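What follows is a set of notes on a single structure, which appears directly below.
The values are calculated or read from the model by the stated rules, or taken from the named source; none is laboratory data. The structure presented is a predicted model; accordingly, all values stated were derived computationally and were not measured. Reconstructed Cβ throughout: ideal geometry from the backbone, glycine too, with neighbour counts over all protein chains shown. Side chains included, ligands, DNA and RNA excluded: accessible areas come from the protein's heavy atoms. Shrake-Rupley method; radii C 1.70, N 1.55, O 1.52, S 1.80 Å.
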Amino acid sequence: MAQFAFGSGRGPHGEAVSSEIQDKDAYMLRKPKGVIAIVTPFNFPLAIGAYWCAAPAIVEGNTVVIKPSEDAPMSTQMAVQIYADAGIPRGVINLVHGDGTTGNLLVHDDIDHVCFTGSAEVGQHIRKVAAESWHKTTSCELGSKSACIVFDDVEFKLSMEAAVASAFKLSGQRCVSSGRILVQRTIYDEFAKRFAQEAAKLKTGNPFRVVLGTTGTPDALCWENYVPNEDNYYGPIINEQGFGKIRLYNKMVADDAEAEVLLSPVYTGEGKSYYSTPMVYKTEWRDVPYLKNEVFGPHVAIIPFNDLEDAINMHNDVPQGLSSSIFTTNLKSAEKFLSHRGSDCGIANVNIGTSGAEIGGAFGGEKETGGGRESGSDSWKQYMRRQTNTINWSNDLPLAQGIEFNLDN
């Protein structure tokens, strides 16, 4: 993303406009907005703050202030140091630490644009405060309830691997995580059974293991003593609050007679770490909180559908609209899913999971997801203002639409 963003600085930064007047030129010029506040979440503190948002903002000539999540502050601090080491002038990129109180202080009149990634509740507050200012704009990438749609005509192995990865990578703590897997009824029971079996194989625990140094004792400050533990598929839940929310939604499912639990979670903790194995269950589509609210954990519903129309209606029947995917070999079904009659999300994929993002593509969603766009092709648009410039290179005062204005008359 850094390569993409800073490389774009050598590209065209304006737009020629065809003037209505023969002896006049016109063009659009991009100018910086000013000061950009970037408030980032815990799950992608390095990518979102330092590169998705900061890089294009700096390319457009702005200065930035980043406030990383208090639960994951250090990677952003290291990235800001890398910017300084690379020669970015002092004061161009700035870092502040703190909790929500600090973040709230960044939504004031000296800030020209606020880029926020996090919960819908906080995003709504930021947009309301910003709306009281004439000049302040926002871009918010908020919650999601992403889903994979699986048809019976696609290779079973492909859809299964993608669904498992979309649901459980990073312990489900991604805005693009698939908390819903919609499966055609003809393969519903078999898919749900196999999905639960695959989920049961996943191990959760410390993503690192300690390798003792030459002194024979681990040094907590020495990264060389930590190597990836590839036995664990995903790591801990971020904090006690997130852990409690996951357990609450899991209990809702367990207490619901209309949901069939295929895999019950096991909760463990190591000191201040919190771990949860996957929760997998079968249910018909209904208007219940655990099917429509973002859980942000390894919590997955397997839901049956009859046909494409049925699947699209279920898919879109949530307040959020970030990422979506369909698994099918039917070209008409895939094209309809990608059209205005299909997915209402900002990202739609065919035969690939909901996770991941193309560097060159705009990342963001619709509805309660916020409508903002980060990264890729659209990222620079939110960090600039457009100015229309005209140049009259004649000795007359040419006017459009054939209008004549003569002081002598």
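If the condition is being aliphatic (A, V, I, L, M), open to solvent by 10 Å² or more (accessible area, probe 1.4 Å) and modelled with pLDDT of 95 or more, then the range 59-77 contributes only V65. When N351 is tested against (1) on the phi > 0 side of the Ramachandran plot; (2) crowded, with 22+ Cβ neighbours inside 10 Å, just one condition goes unmet, and that condition is (2).
If you check R286 against the conditions, is it without any contact (Cβ under 8 Å) to a residue 60 or more places away in the chain, open to solvent by 20 Å² or more (accessible area, probe 1.4 Å), out of contact with any Gly (no Cβ under 7 Å at 6 or more places or on another chain) and outside any helix (DSSP H, G or I)?
So R286 passes the test.
What's the total number of residues in the range 295-332 that are touching a strand residue (DSSP E or B) at 6+ places or on another chain (Cβ under 7 Å) and either crowded, with 21+ Cβ neighbours inside 10 Å or closer than 20 Å to S119 by Cα (or both)? Adding up the residues that qualify gives 21.
Once the range 8-22 is narrowed to residues that are open to solvent by less than 50 Å² (accessible area, probe 1.4 Å) and part of a loop (DSSP other than H, G, I, E, B), the residue that is nearest to G61 (Cα to Cα) is G11.
Of the strands (runs of 3 or more DSSP E) entirely within the range 225-275, those holding at least 3 residues that are at pLDDT 95 or above occupy 260-263.
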